[in-house]
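As structure tokens, the structure follows; a few thoughts come after it.
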Amino acid sequence: MTPGSIFAQAPWLFTLFYILNIICLIHAVATRRGLLWIVFLGINLMFGGFLATLLYFFMEFLPSLRGSRRGAGIAVQRGVEAIKPLDTRIREAQARLNESDTLQNRADLAALLSRAGRQADAQAVLEPLLHGIYADDPVVLLTSAELDLQRGQPAEAEAKLSRVDLRTSAATRTRSLTLLARAQEAQGKLETAETYQQAMQGATSEEPRARYAAYLIRQGRAEEARPILEGLARTEQRATALYRRQEREWFQLAAGLRRELK
């Protein structure tokens, strides 16, 4: 019996595989599982296949659920959330906090307010978490360190980042090392370049590469920045529309730096 005949006899099965394929594709993009997986899942989505979806589900999706405290669902949600307008995300985060005052909801809102340039509001939201049992939580430390950087307090940010456990997750490691490099640069420390390079290894975002290229240019090392910027351009060309929108800020930064070097 062919897949087509199976789906014809059980239309609900086609719908199930279609939804599963979308979930797997978003997961592959959000967690950067590799171009081949994204291509195969994209072809499956276009032509109604199911083999690549099943392989990805059992080889990548399920193991990620077992290997992480919150699993692949967080990565999928991150990819979808990242493409929403910032104002919309702030309103939704505020609504979640009003409904349930949890560490994650409070830290999420503080981070979004910080990105919007509303540091005072972000600090007020985060303040209750800076004391007591949550003071050493990676989410709190990272959000607070970013606020310190925006207030021009890099030493305070570096002190908090030194307390973050980099083994928590790849995303935590990427963000922590990127923030640390920024704090070190603001203080003129020699280890800045090395920290950026560490952040680029296994990064879950294009931010470390884009910021490192900008750092090299500011240091008068434009020739070292060129291959990094060219790599970012190739990544953008090969990326899916979802990933390009998710990483738009860093692709735009890289594009501006390339124009600057011409």
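The values are calculated or read from the model by the stated rules, or taken from the named source; none is laboratory data. It should be emphasised that the depicted structure is a prediction, and the values quoted were computed from it without experimental measurement. Here the Cβ positions follow ideal geometry from the backbone for every residue, glycine too, while neighbour counts run over all protein chains shown. Accessible surface is based on the protein model in full, side chains and every heavy atom, while ligands, DNA and RNA are left aside. Shrake-Rupley method; radii C 1.70, N 1.55, O 1.52, S 1.80 Å.
Looking only at the stretch 189-211, count every residue that is farther than 21 Å from ALA28 by Cβ and not in a helix (DSSP H, G or I) and tell me the total. Number of matching residues: 3. Pick from the stretch 93-122 the residues that are under 18 Å from THR172 (Cβ atoms) and among the basic types (Lys, Arg): which of them is most open to solvent (accessible area, probe 1.4 Å)? Top of the filtered list is ARG115. Condition check for TYR215 on (1) open to solvent by 30 Å² or more (accessible area, probe 1.4 Å); (2) modelled with pLDDT of 95 or more: one failure, at (1). For the stretch 123-131, check the following and say yes or no: at least one residue is within 21 Å of SER205 (Cβ to Cβ) and open to solvent by less than 60 Å² (accessible area, probe 1.4 Å). Taking every residue of the stretch 123-131 in turn, none turns out to be within 21 Å of SER205 (Cβ to Cβ) and open to solvent by less than 60 Å² (accessible area, probe 1.4 Å).
Residues that are within 15 Å of the chain's Cα centre (by Cα) and either in contact (Cβ under 8 Å) with a residue 60 or more places away in the chain or open to solvent by less than 20 Å² (accessible area, probe 1.4 Å) (or both) occur in the stretch 140-148; there is at least one.
Scanning the stretch 158-178 for residues that are open to solvent by 20 Å² or more (accessible area, probe 1.4 Å) and not polar (S, T, N, Q) turns up GLU158, ALA159, LYS160, ARG163, ASP165, LEU166, ARG167, ALA170, ALA171, ARG173, ARG175. Annotation note: of GLY231, GLY220, the sole residue that is under 23 Å from the mean Cα position of the chain (by Cα) and assigned by the TED database to the domain that holds LEU257 is GLY231.
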